[in-house]
Amino acid sequence: MNRFALLLPLALAACNNGPTVTAKNASVEEVSNKVAAAQGSGSFISPGHWDGKVTITKMEAPGMEQMPAETRKAMLDKMAAGQSFSSCVTEADVKSPKAGMFGGDKSCRYDHFTMAGGSIDAKLSCESAGQKREMTIKGTYSADSYHTEVTSDGGAAGSMAASVDAKRAGECTGKENS
């Protein structure tokens, strides 16, 4: 779950009037470099303390149907309640977003990535240990908040969907959990 939380703050942080960033068949590092180059001397994201919540809206995995009904319901209810996170985005993060903020898995490539006019639309394909998975990210953003819908389909590994919402809540406190 934290992968989604960490993936998005910098990926979604352009001002609505900011530049357009597009890429096709690009590594996470290439996308990170394009975002860094596009921001120039401006700021895509407001540095500071960010609070957010990841809510799993769908989970399908092999073997889930074999779990006791009460256990499966308790697990799904907990995921639907969401997991809160906080992070500190520094001036250095703003000036030079790291590839890890855009997924970090070197086996992944963006089929497409578009960030412009307050919207993001991306599709990421990954392969690890012979397993393929695809992730889509669609949402809206500003320098101080974002909302995304993320889906992941791992084929035999199952699939999931989540929403991620975050907003800037002030200056960093040093007590952020990511």
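A few points about this structure:
- Members of segment 142-178 found to be farther than 24 Å from L76 by Cα and without any contact (Cβ under 8 Å) to a residue 24 or more places away in the chain, listed by number: S145
- Qualifying residue in segment 102-110 (condition: touching a strand residue (DSSP E or B) at 6+ places or on another chain (Cβ under 8 Å), modelled with pLDDT of 85 or more and closer than 20 Å to T20 by Cα): yes
- Condition met for A80 (small (G, A, S) and either at pLDDT 90 or above or in contact with a Gly (Cβ under 6 Å, 6 or more places away or on another chain) (or both)): no
- Segment 124-133, subset surrounded by fewer than 17 Cβ atoms within 10 Å (Cβ to Cβ) and part of a strand (DSSP E or B), residue modelled with the highest pLDDT: S125
- Yes/no for S46 being modelled with pLDDT of 75 or more and surrounded by fewer than 20 Cβ atoms within 10 Å (Cβ to Cβ): yes
- Annotation: of all residues in segment 140-178 being on the phi < 0 side of the Ramachandran plot and in contact with a helix residue (DSSP H, G or I) (Cβ under 8 Å, 6 or more places away or on another chain), the one that is most open to solvent (accessible area, probe 1.4 Å) is S178.
- Residue match in segment 83-96 (condition: within 30 Å of E60 (Cα to Cα), open to solvent by 40 Å² or more (accessible area, probe 1.4 Å) and either charged (D, E, K, R) or modelled with pLDDT of 85 or more (or both)): yes
- Flag for K73 being at pLDDT 85 or above, in a helix (DSSP H, G or I), among the basic types (K, R) and within 24 Å of M160 (Cβ to Cβ): yes
- Flag if V21 is farther than 24 Å from S86 by Cα, crowded, with 16+ Cβ neighbours inside 10 Å, of a type in the set (V, I, T) and at pLDDT 85 or above: yes
The values are calculated or read from the model by the stated rules, or taken from the named source; none is laboratory data. The structure displayed is predicted, hence computed values, not measured ones. Cβ atoms come from the backbone with ideal geometry, glycine included; neighbour counts cover every protein chain shown. Note: accessible area is taken over every heavy atom of the protein model, side chains too, but ligands, DNA and RNA are not part of it. Shrake-Rupley method; radii C 1.70, N 1.55, O 1.52, S 1.80 Å.
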